[in-house]
1. Let me make sure I get this right: for region 93-207, a, b and c are the square roots of the gyration tensor eigenvalues over alpha carbons, sorted descending. Under 1.5 in a/c it's rounded, otherwise prolate if a/b > b/c, else oblate. Which is it?
2. Ignoring ligands, DNA and RNA, please state the percent of accessible area on region 113-217 from carbon and sulfur, probe 1.4 Å.
3. Ranking request for peptides 163-172, 189-198: highest mean number of other beta-carbon atoms within 10 Å first, then the rest in descending order.
4. Quick one: ranking L239, L159 by accessible area, 1.4 Å probe, largest first, what do you get?
5. Sort F141, F225, F74 by heavy-atom solvent-accessible area, probe 1.4 angstrom, most to least.
6. Heavy atoms of the protein only, probe of 1.4 Å, neighbouring chains included. What is the accessible area of D80 in Å², nearest 10?
7. Report the Cα centroid-to-centroid distance between region 109-151 and region 158-233 in angstrom, as an integer.
8. Could you tell me the accessible area of V232 in Å² (1.4 Å probe, neighbours in place), rounded to the nearest ten?
Amino acid sequence: KVAKALDNVSGSASNLDKKVNNSSKANAKFAAGMSGLGKTAIAGSAIIAGKALIDFSLDALEAAVSAEEAAAAFGTTYGDAAQKAGQFTEQFANKAGLTNSELQQLLSTLGAVAQGIGFTQAESADLGIELTKIAADVASFSNISAGAEPVLRAFQSALTGEREALKTYGIAISEAEVQTKAFELTGKANAEALTRQEKAYATLALIQKKAAVQIGDLDRTSESFANQQRAVSAEVRQLKEDIGSQLIPAAAEMLPIFREFVEDVAPPLINAFEVPMVRSELT
């Protein structure tokens, strides 16, 4: 049974090979995307370089798919304000130690949280942009290796009243301070009358005040080794996403062929390796 199943697998593999070879359009796309990279395989061992090239391509595809999903979530979150916010992420992301898609994903989550407490799409976009700039400055000032991401997550939590993480970055904000600032901004005098959105605006104002020393640090120290290292790391990840985006169309064309191959091979293999149950009769 196993031998017969493997014969079937061999036939399916030959069929797969034929289909792949006949898929000239897909091969042409892969060749176009890989030609520049393939030249690097000349140096060193061909096997090692080839494996590295394949691994890089797979990583690039995965990064590009994640970037597409992040862009979709970003567009859904911000609607008409997505264009303005998108221009910001393209210009600022690498500088903050992030790829464009990484920043879009962070801002999508932040925007969803902000809209959940009363902000419009446009307001949440402006809020996200402002908090990202401050987060990048705080990360630069405190030399946070991960860049603006953990700081921005702490800011996001603070908007909903969870402010403990802010202390990690030298920013301490109490509930009493938030209420006092909200009274000042709204003219209200009763804490029960404050909305979650009003308290979020008060939190933003307090972050801006208490991070005054850190604000502007990214521009002041942009030439430092630490900031340049974070930027270069983000640019490399960005390059991987960009390369992967060129491979996606070809990969999408090839996937049905591989799925057909798996569907053809799996049943006979599973059947071939089934172990029959042996039942002994008691006499």
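The values are calculated or read from the model by the stated rules, or taken from the named source; none is laboratory data. Everything numeric in this text was worked out from a predicted model, so none of it was measured. Heads up, the Cβs are rebuilt from the backbone with ideal geometry, glycines too, and the neighbour counts pull from every protein chain shown. What goes into the accessible areas is simple: the full protein's heavy atoms, side chains included, and nothing from ligands, DNA or RNA. Shrake-Rupley method; radii C 1.70, N 1.55, O 1.52, S 1.80 Å.
1. On the way: a/c = 2.56, a/b = 1.53, b/c = 1.67.
The shape class here is oblate.
2. Numbers: 2370 of 4750 Å².
Carbon and sulfur: 50 percent of the exposed surface of region 113-217.
3. On the way: 163-172: 16.3, 189-198: 12.9.
The most tightly packed comes first, giving 163-172, 189-198.
4. Numbers: L239 95, L159 10 Å².
Per-residue accessible area, sorted high to low, gives L239, L159.
5. On the way: F141 100, F225 155, F74 5 Å².
Order by accessible area, largest first: F225, F141, F74.
6. In the full protein context, D80 sits at about 150 Å².
7. 10
8. 80
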